[in-house]
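The values are calculated or read from the model by the stated rules, or taken from the named source; none is laboratory data. Computed from a predicted structure; not experimentally measured. Cβ: placed from backbone, ideal geometry, glycine included. Neighbour counts: every protein chain shown. To get the accessible areas, we keep the full protein, side chains included, count just its heavy atoms, and leave off ligands, DNA and RNA. Shrake-Rupley method; radii C 1.70, N 1.55, O 1.52, S 1.80 Å.
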Amino acid sequence: MIAIPHPIYDAIIAHAQKDAPIEACGYLGGVNGEVKLHYPMTNVDASAEHFSFDPQEQFAAFKEASAQKMRLIACYHSHPATPARPSQEDIRLAYDPNISYLIVSLKDGEISLKSFKIKGGEATPEEVQIV
Ligand SMILES: [Zn+2]
C-alpha cells in the first residue's frame, strides 16, 4: 500500500499533463509507504514512449530525502497515450524490488494512477490511497 497526500497527487497529475505527449517522470520520498516529498524530474529521453532519469537530479533527490531522514520510496512516470500498466521495458528496467512504481495514464483524456511492486520480471499491483 502507498499513501499519497492530495497536494502531491495533484502535482504528479499536473506534471504528467504539462509534459504530455512526452512521458513525465519523478521520485517520491517518504517513510513506511507514506509519501511526503515530490521530486519532478527531467525525462532526458524526451520521448513519448520511454523515460530516463538525469543521474544528477536523481542523486540530488536522494540526498535531499536523506537529509530529511526519508527515502525515495517510489518512482513514477506517465503513459500519455497507453494504460496505467508497466510495459515490458518498464518491467525489464525496474531495478529495485522495494520501491513502488507508479504509472499515471492520460489515455483518452482519462486520468488513472496505479502502483506496482516489480520483482523478478513480475509486476504486482498494490493499493494506492489518496489521503
Ligand atoms: Zn512505462
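Check whether at least one residue in the range 58-68 is touching a helix residue (DSSP H, G or I) at 6+ places or on another chain (Cβ under 9 Å), crowded, with 18+ Cβ neighbours inside 10 Å and of a type in the set (A, V, I, L, M), and report yes or no.
No, the range 58-68 contains no residue that is touching a helix residue (DSSP H, G or I) at 6+ places or on another chain (Cβ under 9 Å), crowded, with 18+ Cβ neighbours inside 10 Å and of a type in the set (A, V, I, L, M).
Considering only residues of the range 92-112 that are open to solvent by less than 30 Å² (accessible area, probe 1.4 Å) and either over 14 Å from the mean Cα position of the chain (by Cα) or not β-branched (Val, Ile, Thr) (or both), which is farthest from the ligand (Cβ to nearest atom)?
Checked the range 92-112; the qualifying residue farthest from the ligand (Cβ to nearest atom) is 100.
Out of the range 4-45, which residues are of a type in the set (Val, Ile, Thr), open to solvent by less than 10 Å² (accessible area, probe 1.4 Å) and more than 11 Å from the chain's Cα centre (by Cα)?
Scanning the range 4-45 gives 4, 35.
Test residue 1 against the stated conditions and say whether it is loosely packed, with under 13 Cβ neighbours inside 10 Å and under 24 Å from residue 125 (Cβ atoms). Reasoning before the result, please.
Numbers: loosely packed, with under 13 Cβ neighbours inside 10 Å: yes; under 24 Å from residue 125 (Cβ atoms): yes.
Here the answer is yes, as residue 1 does meet what is asked.
Could you run through the range 96-131 and say how many residues are part of a strand (DSSP E or B) and either among the hydroxyl-bearing types (Ser, Thr, Tyr) or farther than 17 Å from residue 38 by Cα (or both)?
Qualifying residue count for the region: 14.
Kindly check whether there is at least one residue in the range 47-54 that is surrounded by fewer than 15 Cβ atoms within 10 Å (Cβ to Cβ) and touching a Pro at 6+ places or on another chain (Cβ under 6 Å).
No, the range 47-54 contains no residue that is surrounded by fewer than 15 Cβ atoms within 10 Å (Cβ to Cβ) and touching a Pro at 6+ places or on another chain (Cβ under 6 Å).
Among the numbered criteria (1) within 16 Å of the ligand (Cβ to nearest atom); (2) open to solvent by less than 80 Å² (accessible area, probe 1.4 Å); (3) part of a strand (DSSP E or B); (4) out of contact with any Gly (no Cβ under 8 Å at 6 or more places or on another chain), which one does residue 89 miss?
Unmet condition: (3).
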